[in-house]
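The values are calculated or read from the model by the stated rules, or taken from the named source; none is laboratory data. Values in this document were obtained by computation on a predicted structure and should not be read as measured data. Cβ: placed from backbone, ideal geometry, glycine included. Neighbour counts: every protein chain shown. Calculation scope for accessible area: heavy atoms of the full protein, side chains included, ligands and nucleic acids excluded. Shrake-Rupley method; radii C 1.70, N 1.55, O 1.52, S 1.80 Å.
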Amino acid sequence: MPKERATPFWQTHRIESALAGTNPMVLTALPGGFVALGDVQFLPGYCVLLPKRQVGSLNELSWSERADFLTSMAYVGDALLAVCHPQRINYDILGNTDEFLHAHIFPRYAWEPPERRKMPVWQYPAENWHDPETAYQPAKHAALRQQLKCYLDQHLA
């Protein structure tokens, strides 16, 4: 019988670990939050923006924090356009599963099946979200990580 592995702390406490500098998915900090690569990369470049403090929704931030968060979200989209060359960017703030503010930033590509391109990313089959081949892997995604970080750091200065 296989042993179950414990979930790493950063996966259950993403914002807290980002603040502590221990979330391995974080690329960089922006004024509105921490940019992290998504756990899956079946759409290369998928990122998540985590706020700089844990709140349940966008509406719990002050007006200036909201402006910083939303501007940072769009800025991640700019980086994805420049680095990954997708057809468009999809932005999602849901909070239905993980009940803390975070924004999903998905590059969408012309090579996606036509029936998928016009649908929300969440309509992809469940195996896309759990396939080890498309899961984030430090060695496999090192160049993508470096290019996105470089863009974000250079254009924010």
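Test of understanding: among LEU50, LEU70, LEU43, which residue is under 12 Å from the mean Cα position of the chain (by Cα), in contact (Cβ under 8 Å) with a residue 12 or more places away in the chain and under 18 Å from THR28 (Cα atoms)?
Exactly one residue qualifies, and that residue is LEU50.
Go through the stretch 144-157 and count every residue that is surrounded by 10 or more Cβ atoms within 10 Å (Cβ to Cβ) and either over 17 Å from the mean Cα position of the chain (by Cα) or not charged (D, E, K, R) (or both).
Qualifying residue count, the stretch 144-157: 9.
Among TYR91, TYR46, which is the only one that is open to solvent by 70 Å² or more (accessible area, probe 1.4 Å), in contact with a strand residue (DSSP E or B) (Cβ under 7 Å, 6 or more places away or on another chain) and among the hydroxyl-bearing types (Ser, Thr, Tyr)?
TYR91
Out of all the residues in the stretch 4-29, which are open to solvent by less than 60 Å² (accessible area, probe 1.4 Å) and touching a helix residue (DSSP H, G or I) at 6+ places or on another chain (Cβ under 7 Å)?
TRP10, SER17, ASN23, VAL26, LEU27, THR28
Go over the candidates GLY45, GLY56 one by one and state the one that is small (Gly, Ala, Ser) and within 21 Å of LEU152 (Cβ to Cβ).
Testing whether each residue is small (Gly, Ala, Ser) and within 21 Å of LEU152 (Cβ to Cβ) leaves just GLY45.
Let me confirm something: among GLU65, GLU99, which residue is assigned to a helix (DSSP H, G or I) and either charged (D, E, K, R) or open to solvent by 60 Å² or more (accessible area, probe 1.4 Å) (or both)?
Of the residues listed, the single one that is assigned to a helix (DSSP H, G or I) and either charged (D, E, K, R) or open to solvent by 60 Å² or more (accessible area, probe 1.4 Å) (or both) is GLU65.
Every residue in the stretch 49-62 that is within 20 Å of ALA20 (Cβ to Cβ) and open to solvent by 40 Å² or more (accessible area, probe 1.4 Å), please.
LYS52, ARG53, GLN54
Go through the stretch 30-40 and report how many residues are open to solvent by 10 Å² or more (accessible area, probe 1.4 Å) and assigned to a loop (DSSP other than H, G, I, E, B).
Total satisfying the criteria: 2.
Quick check on my filter: what residues within the stretch 1-29 are within 17 Å of VAL83 (Cβ to Cβ) and either among the hydroxyl-bearing types (Ser, Thr, Tyr) or not in a strand (DSSP E or B) (or both)?
Matches in the stretch 1-29: MET25, THR28.
Can you run down the residue pairs with Cβ atoms below 7 Å, 6 or more apart or on separate chains, where the first is in the stretch 78-98 and in contact (Cβ under 8 Å) with a residue 60 or more places away in the chain and the partner is part of a helix (DSSP H, G or I) and of a type in the set (A, V, I, L, M)?
From residues that are in contact (Cβ under 8 Å) with a residue 60 or more places away in the chain, the pairs are ALA79/LEU148; ALA79/LEU152; VAL83/LEU148.
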